[in-house]
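The values are calculated or read from the model by the stated rules, or taken from the named source; none is laboratory data. Predicted model, so just to flag it, every value in this text is computed and none were measured. As a convention, Cβ positions derive from the backbone with ideal geometry for all residues, glycine included, and neighbour counts pool all protein chains shown. Calculation scope for accessible area: heavy atoms of the full protein, side chains included, ligands and nucleic acids excluded. Shrake-Rupley method; radii C 1.70, N 1.55, O 1.52, S 1.80 Å.
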Amino acid sequence: MARVSQEHLDARRRQILDGAARCFARNGFHATSMQDVLREAGLSAGAVYRYFRSKEELVSAIAEGAFSGIREAFDDAARTTPPPTPDVLLGRVLRRVLAEQLPGGDDRAFARLVLQVWTETLRNEELRAILDEGYGGMRLAWAKLVDAYRDNGLMGADDVEADQVARTLIAAVQGFIAQQALFGDVSVEVLENGLRALMSMQLPEAR
């Protein structure tokens, strides 16, 4: 019997996750059955259950993958000298996530999926643990980036903790995702332009 390569196994796993993500984004987590996932992925039950035993395992894997991609983008930025400004970085990260995380979905699909994951964490302890770990990792990555901004003379306000800046920037991304999922009238350029305008503010000179 021919040995199946790791590349083939990884591609099959990705195929299943992409199909499941489209189903969850389109129909909702609880309204989607494993049979729906099988049809969307175009695979047999045996092929899917070899990788994932339940919807819960699928949504956990999707959440872990999204956080991994975001953390990689932040870590890459922190190693750049000078690091990209927040408007540039957030735009880059969001485009990467929106383009790569849900192939075949519409423009709002990934944002709808994220909202459903957030909601599901209220009842699913395992998923909540994944979300907590991912959020903690993002805060650490952003805090490193804030330190890099200060090391390169790009940011003042030394009295403000790096973690506070990190949480504020994460909140901007979360708000963007919520707006896109609920209203669909926001693009990445809107967030980039808004952040750039806020960053241009200057305090009046004291008289």
Query raised in the report: Given the conditions (1) at pLDDT 85 or above; (2) closer than 29 Å to Lys144 by Cβ, which single one is not true for Asp18?
Result: (2)
**Report entry** Enumeration of residues in region 23-51 that are open to solvent by 50 Å² or more (accessible area, probe 1.4 Å), among the charged types (D, E, K, R) and touching a helix residue (DSSP H, G or I) at 6+ places or on another chain (Cβ under 6 Å)
**Finding:** Glu40
Report summary line: Within region 173-187, the residues that are within 19 Å of Met138 (Cα to Cα) and either buried (at least 16 other Cβ atoms within 10 Å of the Cβ) or over 20 Å from the mean Cα position of the chain (by Cα) (or both) are Val173, Phe176, Ile177
Query raised in the report: Just to be sure, is Leu198 open to solvent by 80 Å² or more (accessible area, probe 1.4 Å), modelled with pLDDT of 85 or more and part of a helix (DSSP H, G or I)?
Result: yes
Report task. Output the residues belonging to region 45-60 that are among the small types (Gly, Ala, Ser) and within 24 Å of the chain's Cα centre (by Cα). Result -> Ser54, Ser60
Query raised in the report: Here are some residues: Val48, Val37. Which one is more than 16 Å from Gln116 (Cβ to Cβ) and β-branched (Val, Ile, Thr)?
Result: Val48
Query raised in the report: Based on what the data block shows, is Ala109 in contact with a helix residue (DSSP H, G or I) (Cβ under 8 Å, 6 or more places away or on another chain), farther than 15 Å from Leu90 by Cβ, surrounded by 17 or more Cβ atoms within 10 Å (Cβ to Cβ) and modelled with pLDDT under 85?
Result: yes
Report summary line: Quick count over region 148-172, residues being open to solvent by 90 Å² or more (accessible area, probe 1.4 Å), under 29 Å from Trp118 (Cβ atoms) and assigned to a loop (DSSP other than H, G, I, E, B), is 1
Query raised in the report: Val190 is checked against (1) in a helix (DSSP H, G or I); (2) open to solvent by 30 Å² or more (accessible area, probe 1.4 Å); (3) in contact (Cβ under 8 Å) with a residue 24 or more places away in the chain and fails just one. What number does that condition carry?
Result: (3)
Query - Leu203 out of contact with any Gly (no Cβ under 7 Å at 6 or more places or on another chain) and modelled with pLDDT of 90 or more - result: no
